[in-house]
1. What's the ranking of 88-99, 309-320, 54-65 by average number of surrounding C-beta atoms within 10 Å, highest first?
2. Most mobile of 211, 27, 257 per a Gaussian network model of the chain (Cα springs, under 10 Å)?
3. Can you give the helix-only mean residue ellipticity at 222 nm for the chain, where every DSSP H stretch with n ≥ 4 adds -39500 (n - 2.57) and the sum goes over all residues, rounded to the nearest 500 deg cm²/dmol?
4. Can you give the % of DSSP beta bridges in the chain that are antiparallel, to the nearest 5?
5. Based on C-alpha coordinates, I'd like the Rg and Dmax of region 283-325, in Å.
6. What is the log10 of I(q)/I(0) for the chain, computed with the Debye formula using one identical point scatterer on each Cα and no solvent, at q = 0.08, 0.11, 0.15 Å⁻¹?
7. Taking the Cβ of each residue in 234, 149, 334 as the centre, tally the other Cβ atoms inside 10 Å and list the residues starting with the fewest.
8. Can you sort 198, 209 by how many other beta carbons sit within 10 Å, fewest first?
Ligand SMILES: Cc1cc2nc3c(=O)[nH]c(=O)nc-3n(C[C@H](O)[C@H](O)[C@H](O)COP(=O)(O)O)c2cc1C
């Protein structure tokens, strides 16, 4: 039996699972987890592009803290529950989702591959995954495809602009608006500064070796002072809500008082996030920030989280600490860098399959079975 037949047989054994693709191309069978997708992507990508995506800010304490947080909590599985059928389905803000794993907004995908936004959106459609993105979804939505899409914005300068933005998104088929609130200024990313990266490459991709370099548009410089949304305050939420009826989700909350304030100002959900360790260095890991934010919100709105999620068990821990759903940022980009759109689909499939198995082995047949008692903080 060759490798391909072996895979088909294994896939056949688990037939009936909607998460298992009918056929997996041979090359996609190489990486056995998201970390290994990153290794393949790193080999294929330009160093500047890889560093832009993989990197964090300054000394990368927060980048590491996001991953290390998963090691600080241990699972306490339950047994003797019927887990012959495990469902990942969740209801979120009136939407029925096949899975709690969503695609996070990531600008600069063209650094990975051409037409990257469209490819990731196509992968989201193929794998029935909700995508949160500022771009790349329009053509799919115009065709009437059932893509679940949340827009992403860093906020508008005026009330009129915010209202018209919200109206445009609702008219264009957006099911929610995510408002990123931790992007007040361009952050200080040593890797980009060292690489003489130009933020203009986020649209064009890195010029190929030997090609003439275009005039710099927005060169990365140490500790530069480049404002994005320094003036934005909580009223932005009501500005957006005046323009449309779709939910407004505030992304980038770490402090429990901000979690409560977001709800007070009308947020329909929050995302506990530190931007994947890419904004302020020294911020705590998101898994550790999550429980206090969940408590501060007190069940009034759903709490989502992102940061460092690379395994089904990471996601299970986040859900145990109160995340109704999670967003993955770099993981799908590693699939994209490794194998293009099929790589994204494979990474999403893997994360879903790992989560499903982790839930089964923890004795949880559906997301609502997952409670905080499933995890405990490790000593030391
Ligand atoms: C390359 C890249 C670009 C990103 N661009 C955005 C963005 O434009 N808006 C935003 O809210 N978050 C952005 N993020 C943060 C992600 O939405 C998410 O919070 C983070 O990636 C989660 O951490 P993870 O990459 O470890 O999964 C970006 C992240 C990466 C890696």
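FYI, it's all coordinate maths here, none of it is from the lab. This structure is a prediction, so every number in the text was calculated from the model and none was measured. Here the Cβ is made from the backbone with ideal geometry for all residues, glycine too, and neighbour counts use every protein chain on show.
1. Details: 88-99: 16.1, 309-320: 24.9, 54-65: 19.7.
Put in order of decreasing packing, that is 309-320, 54-65, 88-99.
2. 211
3. Working: 15 runs with 149 residues, N = 380.
It comes out at -11500 deg cm²/dmol, rounded to the nearest 500.
4. The antiparallel proportion sits near 25 percent.
5. Answer for region 283-325, Rg first and Dmax second: 9.9, 28 Å.
6. Debye curve over Cα of the chain, log10 I(q)/I(0) at q = 0.08, 0.11, 0.15 Å⁻¹: -0.40, -0.78, -1.51.
7. Numbers: 234 15, 149 24, 334 29.
Exposure proxy ranking, most exposed first: 234, 149, 334.
8. Numbers: 198 20, 209 6.
So the residues, fewest neighbours to most, are 209, 198.
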